[in-house]
Amino acid sequence: MPDFLLEIGSEEIPAGFIGSACEYLKNDFTKRFTDAGIGFNDIESDGTPRRFYVSIKGLAEKQEDREDTIMGPPAAVAFDADGNLTKAGLGFVKSKGLSEDSLTKAETERGIYLSGVKKTKGVPTRDFIEGILIDVIKSIPFRKSMHWGDKTFRYARPVHWFLALFGGDVISFDIDGIKSGNKTMGHRIHANEYFEVKDFDDYKAKLKEARVISSTEERISQVREQVAEIEKETGYKVDLDEDLLETVAGLVEYPVALMGEFEERYLDIPAEVLITSMKNHQKYFYVTDKDGNLVNKFIGVSNTVPNDPQLVKTGYARVLRARLADAEFFWANDRKYPLENRVEELKKVVYQEKIGTSYEKMERFRKLAVFFSENLNPSAKTDTERAATLCKADLLSEMVYEFPELQGIMGHRYAKLQGENDVVAQAIEEHYLPRFAGDDLPESDTGAFISMADKLDTICGCFAINLIPTGNQDPYALRRGAIGILSTIKAKGYRIGLKEMIGESADLLSGYISFDKEKTVELVYDFIIQRYRQILAGEGIPADCVEAACEISDDIITIEAAAKALSESKQTKEFASIAAGYKRINNILKKSGHTSENYDEALFEDDYERELAKLIADKADQINREVSEENFTMAMTQLLTFSAPVDNFFENVMVMAKDEKIRLNRLSLLNKLKSVFNMLGDLTKII
């Protein structure tokens, strides 16, 4: 069984493009071969900054032959009275390329139809690959692409070669004068020349000889091993951040880890600044002593085996030193200006043209955060108001201007140095949390209140001016903000209704801009609740149970507890009976238009009516009490006792009796029963 190998060689491609492009190639080839009925044993795709490759092993020699049954017009239309094909029948045969021998009459739910079997002979796999290769290569999606010279072909960076082999033989194609062959190229510095390869194993082996490690995981492993050796030799610890490891592996073809150093005086700069400079800007790994204290060392990863390692280390340090010198200046200069003095400057910063300045935004979310504090922890009110006032001031510092990722972190540092208490300083940093999925949540109530208020003000403001997320477009990260609010409420166990929160935010916003407040509150609530459904779905709670529970409260703690109880009961036969009965009750009452719950037991004609009424009388208050105390599992246990009586009622009692008094009395009984069921949610939502 032949193997296939494709390599696309180019100028250095950004590290962030490599993983997604290789994943696309793997998925695209898999789909094309699967759809074509061509089997294979294994597919692998990976890359370096200068090349992507796809290796497919154990390919079938050819496509499977196919027989497809194609339905035509009704037999009555396709054949005349003598059984001969009509014009319509002949047209079907011709248009589908069928032979008359393959025709038959097929019985379907819609009647008898003319059908035919179309036989398609599988093409050789090599021919199939030749037919798709150019399209596959041209369809690789990049966030940014370019064309170069006289080429019309677009790619992430200029392409220099294509290697394409099937069973060891070249598959020939040409894109804008770049012809395929059986040659690849080695490392740009150590082996910058073309050489032939026979197959995938030969390809990987020869690349390694030419100082190219084609596997991303292998490059990562090599960095890990080299760093472990450095740690062993020096006694230091290196923070091998996984994301940075992957990035570094995408920057090199042959990684060599080197330990450099910078001047000790820079250790007086906050550790967060040093780490950001090394990790985010220079792609260096920071180093600590055995106690976790930052030291004046770093690990840089070279793409070459240097003749003079010290020269490379010195170069790395020189580049880092320039950033650290700037940071040292910013650190000294920013401390001359108290955060409080910068607050007024926020009036000059436009947050969003239609929503207003950063100062106006701060005023709104400060009031909203105080509202949360008054309702959830009044003792935190003073600190909440103070921290909310100061929390955006560091945006105007030189340090944050240069290192935006340090917003909040530097505010915390400056606040402490300028005499603010620990709670206020910590909240200034915490109010940005969570910044991404899985990030830490605010520890303090003060930080949590400001975090929720800031995010909710952003969401309400954007919805008020119709900046609503669509598809992948979410420039103000409203989805992330909503999830952050929900995660914080959930983790803290805050008991507050979403509609109350959103309404308060909208009220504050209305003092600054004009908008449809009622519509905005409704849209924002739906938007946030949809995010909550996703959160709970990730915890295994079905969406329909959450949907049903949303009808009894807008407090997300209550919603979760009720949804869990519904989910636990959903699989029982009693619940299935209750849910079916509820939907039936709902339909009957909707058609009747009857709304009264006042029934007269004297008008009951049947024991099944009396049994149901007695159960309502016995259980309604108990269920209501359990629900009010949020003992939803116990409430559901009581509700399930209605299963048999409800079934008996519908099997034996004619609700829509001819006698109007009897009919209306039975409808009132059902209304009362529905109100009991509604205590646990809208059961019509349960699928």
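Values quoted throughout were computed directly from the atomic coordinates according to the rules given, and no laboratory measurement underlies them. Since the structure is predicted, the reported quantities are computational estimates derived from the model, not experimental observations. Cβ coordinates were reconstructed from backbone atoms using ideal geometry, including for glycine residues, and neighbour counts include every protein chain displayed.
Below are the figures for this structure:
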{"read-out": "Cα-Cα over 22 Å, subset of 583/619; 31/62; 204/283; 564/672; 144/198; 204/279", "value": "204/283; 564/672; 144/198; 204/279"}
{"read-out": "Residue among 623, 477, 278 farthest towards the positive dipole end of the chain, charges placed on Cβ", "value": "477"}
{"read-out": "Highest to lowest packing among 585-598, 367-380, 445-458, scored as the average C-beta count within 10 Å", "value": "445-458, 367-380, 585-598"}
{"read-out": "Charge sum, other residues only, whose C-beta stays under 12 Å from residue 425's C-beta, Lys/Arg counted +1 and Asp/Glu -1", "value": "-3"}
{"read-out": "Potential lengthening between residue 44 and residue 102 on full extension [0.36 nm per residue; Cα-Cα distance subtracted]", "value": "16.8 nm"}
{"read-out": "Quarter of Cα convex hull surface for the range 570-685, i.e. mean projection, nm²", "value": "6.8 nm²"}
{"read-out": "Convex hull of the range 66-120 built on C-alpha atoms - directionally averaged projected area, nm²", "value": "3.6 nm²"}
{"read-out": "Modelled FRET efficiency - R0 56 Å, residue 224 with residue 652, Cβ distances, 0.05 increments", "value": "0.15"}
{"read-out": "Sequence-distant lysines (8 or more away, or on other chains) whose Cα lies within less than 23 Å of residue 348", "value": "336, 361, 367, 392, 455"}
{"read-out": "Fewest-first ranking of 82, 239, using other Cβ atoms within 10 Å as the exposure measure", "value": "82, 239"}
{"read-out": "For the range 25-36, 3J(HN,Hα) per residue [Karplus equation, 6.51 cos²θ - 1.76 cosθ + 1.60, θ = phi - 60°, Hz, x = Gly/Pro]", "value": "4, 4, 5, 5, 5, 4, 5, 5, 5, 5, 4, 7"}
{"read-out": "Sites residue 307 and residue 32, calculated FRET efficiency, Cβ-Cβ separation with R0 51 Å, nearest 0.05", "value": "0.65"}
{"read-out": "The range 15-93: radius of gyration and largest Cα-Cα distance (Dmax), Å", "value": "22.9, 71"}
{"read-out": "Simple label model, 7 Å out from Cα along Cβ direction - residue 84 to residue 145, nm", "value": "5.5 nm"}
{"read-out": "For the range 570-685: relative contact order, % (alpha-carbon pairs under 8 angstrom, 6 or more apart)", "value": "45 percent"}
{"read-out": "Candidate aspartates and glutamates - alpha carbon under 18 Å from residue 232, same-chain residues fewer than 8 apart omitted", "value": "261, 289, 291"}
{"read-out": "Per-pair calculated FRET efficiency, R0 = 41 Å: residue 20 and residue 67 via Cβ, rounded to 0.05", "value": "0.60"}
{"read-out": "Spin-label pair residue 435/residue 405, simplified geometry with 7 Å Cα→Cβ offset, distance in nm", "value": "0.7 nm"}
{"read-out": "Viscosity 0.890 mPa s, temperature 25 °C, Stokes-Einstein D of the chain from Kirkwood C-alpha radius, µm²/s", "value": "77 µm²/s"}
{"read-out": "Added length on full extension, which subtracts the Cα-Cα distance from 0.36 nm per residue, residue 232 to residue 537", "value": "105.3 nm"}
{"read-out": "Mean separation of Cα contacts under 8 Å, 6 or more apart, over the residue count of the chain: relative contact order %", "value": "7 percent"}
{"read-out": "Rg(Cα) / (2.2 N^0.38 Å) computed for the range 342-539, rounded to two decimals", "value": "0.96"}
{"read-out": "Translational D in µm²/s for the range 386-502 (Stokes-Einstein at 20 °C, 1.002 mPa s, Kirkwood Rh from C-alpha pairs)", "value": "144 µm²/s"}
{"read-out": "From phi via Karplus (6.51, -1.76, 1.60), per-residue ³J(HN,Hα) for the range 531-537 in Hz, x at Gly/Pro", "value": "5, 5, 4, 5, 4, 5, 4"}
{"read-out": "Burial order of peptide ranges 140-152, 483-495, 613-625, 392-404 (average beta-carbon count within 10 Å, highest first)", "value": "392-404, 483-495, 613-625, 140-152"}
{"read-out": "Cβ charges +1 (Lys, Arg) and -1 (Asp, Glu), total dipole of the range 342-539, debye", "value": "320 debye"}
{"read-out": "Ordering of 501-507, 338-344 by burial proxy (mean other Cβ atoms within 10 Å per residue, highest first)", "value": "501-507, 338-344"}
{"read-out": "Residue list for the range 223-266, given a label point 7 angstrom along the Cα-to-Cβ vector of residue 290 and an amide N cut-off under 15 Å", "value": "231-238"}
{"read-out": "Label point distance in nm, residue 183-residue 466, each placed 7 Å from Cα along Cα→Cβ", "value": "5.9 nm"}
{"read-out": "Dipole magnitude of the range 605-687, debye to nearest 20 (Cβ charges: Lys/Arg +1, Asp/Glu -1, about Cα centre)", "value": "260 debye"}
{"read-out": "Cβ-defined net charge surrounding residue 506, 13 Å radius [Lys, Arg +1; Asp, Glu -1]", "value": "-2"}
{"read-out": "Whole-Hz couplings from phi, Karplus 6.51/-1.76/1.60, listed for the range 160-170; x for Gly and Pro", "value": "10, 7, 10, 10, 9, 10, 10, x, x, 9, 5"}
{"read-out": "Net dipole in debye of the chain [+1 Lys, Arg Cβ; -1 Asp, Glu Cβ; about Cα centre; nearest 20]", "value": "1460 debye"}
{"read-out": "Compactness of the range 216-261 as Cα Rg over 2.2 N^0.38 Å, two decimals", "value": "1.10"}
{"read-out": "Relative contact order of the range 66-120, defined on C-alpha pairs under 8 angstrom at six or more residues apart (%)", "value": "49 percent"}
{"read-out": "Net length gained if the chain between residue 507 and residue 130 were fully extended (0.36 nm per residue, minus Cα distance)", "value": "129.3 nm"}
